[in-house]
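Engineer: Below is one structure. I have some questions about it.
The values are calculated or read from the model by the stated rules, or taken from the named source; none is laboratory data. Source: prediction; values computed, not measured. Please note: Cβ atoms are built from the backbone with ideal geometry, for glycine as well, and neighbour counts cover all protein chains shown. We work out accessible area using only protein heavy atoms, side chains counted, and drop any ligands, DNA or RNA first. Shrake-Rupley method; radii C 1.70, N 1.55, O 1.52, S 1.80 Å.
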Amino acid sequence: MPNAALPAPQLVINSRMLYSSWIPADPKAAAALLPHGLEPAANRALFMNQYIVDSENQTSSFGAYSLTYMGLDVKGTAPDGVTPARFFTHYFNSSERVRDYVRARGVPASEGTTTLELQGGELVATTRVQGVPIIRTVARVGEQISAVARGHLTYVTRVDNKLMAGNYPYVGEIAAPFELVSLEFLAKDHPTYALRPASPMQRVEGWCWYAPRDSFVYPGGEYEWKP
């Protein structure tokens, strides 16, 4: 299917997903990545999602791909009135088809790959740009499913100098036990280094988890963001 023909929305099922949230080492440098009209959340939290879609059979049209995206929690909330809205600062996707789809919706998509390697209860997620590792996350992951997380996340983008938002419904099976062990930003000369975590790492409770099966929708029908 040609990129231009991809309809909205797009469905993805059963991705393998590691989600992390933390307080940055340099909150001012992180906040400087926000466009005019957006303010950081009160706790200055950042987010990152590293995930794999292993097969084209898990998507409505995207095909298989890997992705790391990250950014800042901002003032304003998702539809539940509690979960912070989020702004993409970086988005590294292995699929040109997906990159084209999201760029049209204001996402700053560029080429990159993500691997998730789980062995003996240790999960290592590595994000690479042009083959060079720029981020490495290590977690301890159990084999039990402790809960099913579901709801909507709101991600804000900028389209033609206008802030736009989309609500992303999701359902994810959360693995337990879980511990986020380390989060390393490996490339000091890469723009993502502005988002590196404080030392010692300050994790944001409730937003660090691994889901061996997470399903979600890339929205259509985006709307103007007015927090």
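Engineer: Which members of region 67-87 meet the condition of being in contact (Cβ under 8 Å) with a residue 40 or more places away in the chain and open to solvent by 10 Å² or more (accessible area, probe 1.4 Å)?
Structural biologist: 75, 76, 77, 79, 80, 83, 84, 87 - these are the residues of region 67-87 that are in contact (Cβ under 8 Å) with a residue 40 or more places away in the chain and open to solvent by 10 Å² or more (accessible area, probe 1.4 Å).
Engineer: Return the total of residues in region 43-58 being farther than 16 Å from residue 212 by Cα and touching a residue at least 12 places away in the same chain (Cβ under 8 Å).
Structural biologist: Result for region 43-58: 6.
Engineer: Would you say residue 227 is open to solvent by 50 Å² or more (accessible area, probe 1.4 Å) and at pLDDT 95 or above?
Structural biologist: The answer is no for residue 227.
Engineer: Still on this model: Can you list the strands (runs of 3 or more DSSP E) found entirely within region 97-211 that contain at least 3 residues being open to solvent by less than 20 Å² (accessible area, probe 1.4 Å)?
Structural biologist: It comes to 122-129, 132-159, 162-185.
Engineer: Let me ask something else about it. Can you pull out the strands (runs of 3 or more DSSP E) entirely within region 1-89 that have at least 1 residues that are touching a helix residue (DSSP H, G or I) at 6+ places or on another chain (Cβ under 7 Å), polar (S, T, N, Q) and on the phi > 0 side of the Ramachandran plot?
Structural biologist: Once the strands (runs of 3 or more DSSP E) in region 1-89 are filtered for at least 1 residues that are touching a helix residue (DSSP H, G or I) at 6+ places or on another chain (Cβ under 7 Å), polar (S, T, N, Q) and on the phi > 0 side of the Ramachandran plot, what remains is 10-22.
Engineer: If you don't mind, there's one more thing I want to ask. Out of (1) surrounded by fewer than 16 Cβ atoms within 10 Å (Cβ to Cβ); (2) within 19 Å of the chain's Cα centre (by Cα), the odd one out for residue 37 is which?
Structural biologist: Unmet for residue 37, out of (1) surrounded by fewer than 16 Cβ atoms within 10 Å (Cβ to Cβ); (2) within 19 Å of the chain's Cα centre (by Cα): (2).
Engineer: Now for a separate question. Do you know which residues across region 146-161 are touching a residue at least 40 places away in the same chain (Cβ under 8 Å) and under 24 Å from residue 176 (Cβ atoms)?
Structural biologist: 149, 151, 152, 153
Engineer: Which condition does residue 55 not pass, out of (1) farther than 16 Å from residue 197 by Cβ; (2) hydroxyl-bearing (Ser, Thr, Tyr); (3) under 17 Å from the mean Cα position of the chain (by Cα); (4) open to solvent by 10 Å² or more (accessible area, probe 1.4 Å), if it passes all the others?
Structural biologist: (3)
Engineer: Before we move on, is residue 24 over 22 Å from residue 217 (Cβ atoms), surrounded by 15 or more Cβ atoms within 10 Å (Cβ to Cβ), touching a residue at least 60 places away in the same chain (Cβ under 8 Å) and in contact with a strand residue (DSSP E or B) (Cβ under 8 Å, 6 or more places away or on another chain)?
Structural biologist: yes
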